[in-house]
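The values are calculated or read from the model by the stated rules, or taken from the named source; none is laboratory data. The structure presented is a predicted model; accordingly, all values stated were derived computationally and were not measured. Here Cβ is always computed from backbone atoms with ideal geometry, including for glycine, and neighbour counts include all displayed protein chains.
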Amino acid sequence: MNYCVVGLQWGDEGKGKVVDILAENSDIVVRYAGGANAGHTVIIGDERFALHLMPSGAVRPGMACVIGNGVVVDPEVLNGEIEGLSKRGISLEGRLFISENAHVVLDYHKQEDRLREEALGKNKIGTTARGIGPCYADKVGRSFAIRMADFRDMDGLYNKLVQIAEYKNKILNALYNVPPVDTESIFTKCRMYRENLLRYVCNTTRYLHEAMEQGKKVLFEGAQGSLLDLDHGTFPFVTSSNSSSLGMGAGCGVPMKMIDTFIGLVKAYSTRVGAGPFPTEQDNEIGNRIREKGHEYGTTTGRPRRCGWFDAVAVAYSARIGGIDEIAMMHLDTLAGLPELQVCRAYRIDGHETTFFPCDAEELSQVECVYETLPGWDADVSGITQYRDLPTEMRHYIELIESIVRTPITILGVGPRRSQAIFRNRS
Ligand code: GDP
Ligand code: IMO
Ligand code: MG
């Protein structure tokens, strides 16, 4: 079986955990979009790993890890992750494959990201400041882009950097009056990146196709969430890649038809980091309670996540555009203790009810939520392993969402650990 795991909300749905679980039956794990803006948590025993660029399968010994062409690679972060894992006894030697076509995030991208956000003031996107937007912009612009393959020819890379710095300095100076990009210091760092990373760089499309022809099982790991998708998310409050499952084919060169099951990930409620419309947001005691109980603080930036009720209109939309076969719902344990729960089953726009999600940020900010209210539960479910043993109210909650979203919910998260997942069809 080849699986693709993708977030159906605004990110942080628990992809790290689910990928880690599914990796047990896979040979290769592939990241295909985003960059170091992602923060995927894997917990094994007492050890916690927060991975930003490395596929979450990396923590399993022997698992092959691919960073596809659709990822924007910050070599400093990736290098740090390889070293960090190595210090914890996890070596990537011989099992990490980085696409030669993946674009490289350099210091000036991060600087541009920060300066642009500062200039936007209250209209900022609330990016992670990891240089994601500027790097993808250079990729689309083509003329001033650096790819992993460029580390093979250091003279050629130097000449490119000189030309890029000349261009960027004119813009940065005119717009922000900041000191110029220092080509020499960037080039010095690039020498180190070459030293540490070049041996992993290859044609990952070829690698994946050959491996699949040999019958290897591949797990594709989405980053961010479908509602942050550049084309299908809540534009302009999105990331700069196709973070829904639609980005998978383009991001690694493997067609979607090779996937047996698309697993869409959700939390049992909603969260969002950064700016942008969030119809079910609870900027009140309920939101605070969910944030504290669920430890809803960014894995990458540490920012508090905005919290709210489950939005079935938004998730039905993500499931539909992403061709989702099954849903995994995490953080059911976090909702324990709330006397009543609300699920948004429709929006009211200009007095009319609709169940279709309007992804335009302006339109979405005008909607009124139509809620279904359900009784809560107050049991500790963290040790439960069978669906039938979950509280009746929780099962009703799950089944109501399933009927609105019209997709089976097959994996249930009752805690952050590997073992705290219930496989509903296997109970
Ligand atoms: P990702 O970006 O989708 O991989 O998610 P993050 O790692 O950024 O955030 C998810 C957080 O929820 C992490 O701290 C996980 O350890 C935690 N987590 C995942 N599943 C569950 C669950 O079922 N219950 C609880 N309480 N925590 C969970
Ligand atoms: P994972 O993979 C949650 C959000 C940022 C911001 C917007 C644009 O851990 O789920 P960017 O830096 O990409 O230009 O920021 O997207 N964002 C995420 N939110 N989880 C993520 O990744 C995110 N990656 C980006 O907060 O609103
Ligand atoms: Mg995350």
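See the values below:
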{"read-out": "Region 1-30 - residue that is of a type in the set (G, A, S) and not in a strand (DSSP E or B) and, of those, farthest from ligand 1 (Cβ to nearest atom)", "value": "S26"}
{"read-out": "Selection status of I321, assigned to a strand (DSSP E or B), of a type outside the set (G, A, S) and within 18 Å of the chain's Cα centre (by Cα)", "value": "no"}
{"read-out": "Selection within region 271-324 - of a type in the set (V, I, T) and in contact with a Leu (Cβ under 6 Å, 6 or more places away or on another chain)", "value": "V315"}
{"read-out": "Hits in region 263-286 (condition: under 13 Å from T334 (Cβ atoms), more than 16 Å from ligand 3 (Cβ to nearest atom) and crowded, with 21+ Cβ neighbours inside 10 Å)", "value": "A268"}
{"read-out": "Cross-chain or 6+ apart pairs with Cβ under 6 Å, region 23-51 first and closer than 25 Å to D229 by Cα, then more than 16 Å from ligand 2 (Cβ to nearest atom) and charged (D, E, K, R)", "value": "A23/R60; I28/K216"}
{"read-out": "Test: N69 is within 22 Å of G233 (Cβ to Cβ) and away from ligand 2 (no atom under 16 Å from the Cβ)", "value": "yes"}
{"read-out": "Condition check for I327: surrounded by 22 or more Cβ atoms within 10 Å (Cβ to Cβ), part of a strand (DSSP E or B) and of a type outside the set (D, E, K, R)", "value": "yes"}
{"read-out": "Conditions (1) crowded, with 23+ Cβ neighbours inside 10 Å; (2) more than 29 Å from T385 (Cα to Cα); (3) aromatic (F, W, Y); number of the one not met by F356", "value": "(1)"}
{"read-out": "Cβ pairs under 8 Å, 6+ apart, first in region 279-304 and free of Cβ contacts under 8 Å to residues at least 24 places away in the same chain and aromatic (F, W, Y), second outside any helix (DSSP H, G or I) and within 14 Å of ligand 2 (Cβ to nearest atom)", "value": "Y297/R303; Y297/P304; Y297/R305"}
{"read-out": "Residue check, S226 touching a Gly at 6+ places or on another chain (Cβ under 6 Å), touching a residue at least 24 places away in the same chain (Cβ under 8 Å) and either assigned by TED's automatic domain parsing to the domain that holds K122 or more than 16 Å from ligand 3 (Cβ to nearest atom) (or both)", "value": "no"}
{"read-out": "A50 vs. criteria under 20 Å from C190 (Cα atoms) and within 14 Å of ligand 2 (Cβ to nearest atom)", "value": "no"}
{"read-out": "Residue in region 31-46 that is farthest from ligand 1 (Cβ to nearest atom), counting only those that are surrounded by 24 or more Cβ atoms within 10 Å (Cβ to Cβ) and in a loop (DSSP other than H, G, I, E, B)", "value": "Y32"}
{"read-out": "Residue among G14, G62 that is crowded, with 17+ Cβ neighbours inside 10 Å, touching a residue at least 12 places away in the same chain (Cβ under 8 Å) and among the small types (G, A, S)", "value": "G14"}
{"read-out": "Tabulated pairs, region 398-427, first over 18 Å from F310 (Cα atoms), second more than 16 Å from ligand 2 (Cβ to nearest atom) and at pLDDT below 95, C-beta under 9 angstrom, 6+ apart or interchain", "value": "R417/I44; R417/G45; R418/I44; R418/G45"}
